[in-house]
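Visitor: Before anything else, here's the structure in question.
The values are calculated or read from the model by the stated rules, or taken from the named source; none is laboratory data. These figures come from a predicted structure and were not determined experimentally. FYI the Cβ positions are ideal-geometry reconstructions off the backbone, even for glycines, and counts take in every protein chain you see.
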Amino acid sequence: MTRVILFNKPFDVLSQFTDKGLDGSKRRTLSDFVDVPKVYPAGRLDRDSEGLMVLTDDGKLQARIADPRHKTAKTYWVQVEGEPDDAALTALCKGVELKDGLTKPAKAQRIDEPVNLWPRTPPVRFRKSVPDCWISLTIREGRNRQVRRMTAAVGHPTLRLIRAQVGNWTLDGLETGAWRDA
């Protein structure tokens with residue numbers, strides 16, 4: 001039977017089970033939170049991103065979730081600098097030109113700060129003179145640091161990035177650093 005685990009990855013955790021850091025320091029990894037043998041991440045989240053990771057012992061499922069050819073939707077809550085206007089949101093929806101080409105169309109909308117949002121350690125740097133805003137962004141590809149590059153391309157750098165959903169799996173009821181079977 002296939003095992004699927006949903007994990008809410010905290011900030012500053014590597015999305016792998018081991019750390020082969022060149023400087024010899026020990027960074028936090030999935031193994032600090034998930035002590036389940038023979039499950040592997042289906043996709044990655046950058047160390048400075050938070051939120052939902054799907055872990056499984058099924059290689060085919062892992063590939064289907066992670067491979068952009070299968071177009072699994074991934075929804076992110078993104079705290080951005082400034083307040084994106086309709087033109088910025090439309091640009092995200094149509095596709096943004098990045099150094100590695102045009103992104104595929106996405107779904108983007110302004111949202112209120114997510115309910116039951118946990119504090120981030122360390123906190124996001126706030127500037128009194130620059131407002132911030134939350135958007136929901138759903139993409140179906142997974143380029144390196146894509147969401148951060150997309151928001152920067154429309155003039156609103158990412159301050160905090162949380163993956164809230166992968167396919168039909170969500171973060172609902174999952175505290176930061178916690179996991180559960182799907």
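Visitor: Please determine whether any residue of the stretch 150-157 is of a type outside the set (K, R), assigned to a loop (DSSP other than H, G, I, E, B), touching a Pro at 6+ places or on another chain (Cβ under 6 Å) and buried (at least 17 other Cβ atoms within 10 Å of the Cβ).
Guide: Yes; the residues of the stretch 150-157 include at least one that is of a type outside the set (K, R), assigned to a loop (DSSP other than H, G, I, E, B), touching a Pro at 6+ places or on another chain (Cβ under 6 Å) and buried (at least 17 other Cβ atoms within 10 Å of the Cβ).
Visitor: Hey, could you check the stretch 68-93 for residues that are more than 22 Å from N168 (Cα to Cα) and among the small types (G, A, S) and say which is surrounded by the most Cβ atoms within 10 Å (Cβ to Cβ)?
Guide: Among those that are more than 22 Å from N168 (Cα to Cα) and among the small types (G, A, S), it is A88.
Visitor: On the basis of being modelled with pLDDT of 90 or more and either surrounded by 16 or more Cβ atoms within 10 Å (Cβ to Cβ) or of a type in the set (S, T, N, Q) (or both), does R145 make the cut? Give the derivation first.
Guide: On the way: modelled with pLDDT of 90 or more: yes; either surrounded by 16 or more Cβ atoms within 10 Å (Cβ to Cβ) or of a type in the set (S, T, N, Q) (or both): no.
Criteria not met by R145.
Visitor: Just to verify a result, which residue in the stretch 48-67, among those that are touching a Lys or Arg at 6+ places or on another chain (Cβ under 7 Å) and not polar (S, T, N, Q), is surrounded by the fewest Cβ atoms within 10 Å (Cβ to Cβ)?
Guide: The extreme case among them is D57.
Visitor: I'm told L161 meets every condition in (1) part of a strand (DSSP E or B); (2) farther than 16 Å from D46 by Cα except one. Can you identify the failing condition by its number?
Guide: (2)
Visitor: Ok, one more. Return the residue satisfying two criteria in turn: it lies in the stretch 94-126 and is in a strand (DSSP E or B) and in contact (Cβ under 8 Å) with a residue 40 or more places away in the chain, and of such residues it is surrounded by the fewest Cβ atoms within 10 Å (Cβ to Cβ).
Guide: E97
Visitor: Return yes when A164 is in contact with a strand residue (DSSP E or B) (Cβ under 6 Å, 6 or more places away or on another chain), surrounded by fewer than 17 Cβ atoms within 10 Å (Cβ to Cβ) and of a type in the set (G, A, S) and no when it is not.
Guide: So A164 does not fit the description; no.
Visitor: Restricting the first residue to the stretch 60-76 and requiring it to be touching a residue at least 24 places away in the same chain (Cβ under 8 Å) and under 23 Å from L92 (Cβ atoms), which pairs with a second residue that is among the β-branched types (V, I, T) and in a helix (DSSP H, G or I) meet a Cβ separation below 7 Å and a spacing of at least six or different chains?
Guide: Every condition considered, the pairs that remain are T72/I65; Y76/V147.
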